[in-house]
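Heads up, the thing below is written out as structure tokens.
The values are calculated or read from the model by the stated rules, or taken from the named source; none is laboratory data. Remember, predicted model here, so these are calculated numbers, not experimental data. Glycine gets a Cβ as well: all are built from the backbone with ideal geometry, and neighbour counts include every protein chain shown.
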């Protein structure tokens, strides 16, 4: 039976997903009718969803069986009371690779002091001692697909990596901690802290003034996770006082980050415009197609969101 | 019998090597007398050597049995006609780690376009597509201890890596080439080129105008190997014409790089002051102690330089 799928990602995304999604469906042997608008919401069985473009009210979709998000983060839909069907989020292998590259690149940038080198093109030969990765303690908050990939790559390069997650994990090459006491331990030792947690009520403002104060003096934060993980004012205060040496931020409470936001002009902040990693049509389409195949076959869906937990 | 060892690395290096070297000798069970000057050259059996501080004329050292270099490069001693005894060079595991970190850091910097991000802190939110490492072809010239470690780490991060060496090599995860035809192949495909060859008569000016022209338009060079591998004028011309997008250089024909050298002020050149990696007293002392143990025991020395080959 033909699955009726509504692609609710907006016209630009439809243009880039239309072909790869059709190809992935053919590859997976899924019989589906794909459209970017639904004249009759009562026919739609699956919505491929992004926040902003996707519906806010799911009530009219009376035959809806699943919503499949194209984003890794689901904080803008997970609490929607009109959504009564299973929700999946995107775990895209290409997005994981891109995130690993962004994190390793920025951690090495701070580890090696690249900003200093770039600023010193003035004809003065100033040699300096550079520490080795094995002498550098890196903390990674969040050990989902993205955090795990980044933490593992850093450990392979020799960094001394501690990871923290909500529930206990055991990952080769990493020192894994969990719970409030574990968080304190990871913060206490993190010369470079990478935040890759989902945004949930539990992680909202997780890095507040008290927790930022635990980081060693001169620590650096790299946040490609979610803007809301950090209390912006507490971060600015910790940077202004010199307790933190730098923050490299890819995600913000409001995006695009407003032009007058103090992060833009702060000498100790690097803003990147939410480019750490992106969902890619070719690989993401395969994930969607596999979940549509599973839905049609009555098999359990991949990357199902736990609505209670929030991700 | 006590080995008579002259540490000819200069007073600063003596200060940092004295203790770790004594500890390494004790650990290795080597009976040696260590001094930083020799009243009687005829007593000296081994010289621990760096260019600049070490002797230029080895003739007075009539009992000399070996010279053990503290540097990875030996181009300033290998052709010395007064040196008649075996010469070893430094292969320091910590130096290999540091080099791997510098190379991966700068390759990721160019791959991710970090310079652009750092320059764009002006309040304008400009998202851009960033390629994945697996879409990026990196060439590594030189597959000795340093080149191998850097190339392997880049391949582990997903980069498509081609390596080139004088003699054929077969290394897991890398596409290995050798000889003149192999060099052309690697250059043709290298969006980012890393040069980690030793300086020998064969590699002097290896990257001349003709070979630089083989690189794809917009290619980037990262040279932490030896300054003399590249023809400076040809490099500047290729940067000025826009054929090459950038060169990140850590080593130079004259060091310190003179303040008026055009590399300093060139917008497409990043100068780092020979800090990519350094020999570390603790790990290098263990290499020296092991070679002294081998010398005393009549065993073959590690990291012996082939005087004909030049490294």
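Laid out as a table, the results:
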read-out: Matching residues in the stretch B:242-267 - criterion: being assigned to a loop (DSSP other than H, G, I, E, B) and away from chain A (no Cβ under 11 Å); value: B:242, B:243, B:251, B:253
read-out: Every residue from the stretch A:144-162 that is outside any helix (DSSP H, G or I) and either over 20 Å from residue A:200 (Cβ atoms) or not assigned by TED's automatic domain parsing to the domain that holds residue A:188 (or both); value: A:157, A:158, A:159, A:160, A:161, A:162
read-out: Given (1) in contact (Cβ under 8 Å) with a residue 24 or more places away in the chain; (2) part of a loop (DSSP other than H, G, I, E, B); (3) surrounded by fewer than 22 Cβ atoms within 10 Å (Cβ to Cβ), number of the condition residue A:197 does not satisfy; value: (3)
read-out: Condition met for residue A:150 (surrounded by 17 or more Cβ atoms within 10 Å (Cβ to Cβ) and modelled with pLDDT of 95 or more); value: yes
read-out: Positions within the stretch B:200-228 being under 20 Å from residue B:73 (Cα atoms) and either surrounded by fewer than 17 Cβ atoms within 10 Å (Cβ to Cβ) or over 22 Å from the mean Cα position of the chain (by Cα) (or both), in sequence order; value: B:201, B:202, B:204, B:205
read-out: Scope the stretch B:268-311; condition within 14 Å of chain A (Cβ to nearest Cβ), modelled with pLDDT under 95 and out of contact with any helix residue (DSSP H, G or I) (no Cβ under 6 Å at 6 or more places or on another chain); matching residues; value: B:278
read-out: Residue B:172 being free of Cβ contacts under 8 Å to residues at least 24 places away in the same chain and assigned by TED's automatic domain parsing to the domain that holds residue B:100; value: yes
read-out: Those residues of the stretch B:118-143 which are more than 8 Å from chain A (Cβ to nearest Cβ), under 21 Å from residue A:93 (Cα atoms) and assigned to a loop (DSSP other than H, G, I, E, B), in sequence order; value: B:131, B:136
read-out: Subset tally (residues that are surrounded by fewer than 17 Cβ atoms within 10 Å (Cβ to Cβ) and assigned to a strand (DSSP E or B)) for the stretch B:229-241; value: 0
read-out: Failed item in (1) buried (at least 18 other Cβ atoms within 10 Å of the Cβ); (2) touching a helix residue (DSSP H, G or I) at 6+ places or on another chain (Cβ under 8 Å), with residue B:134 passing the rest; value: (1)
read-out: Filter pass, residue B:99 being in a helix (DSSP H, G or I) and either closer than 22 Å to residue B:219 by Cα or touching a strand residue (DSSP E or B) at 6+ places or on another chain (Cβ under 9 Å) (or both); value: yes
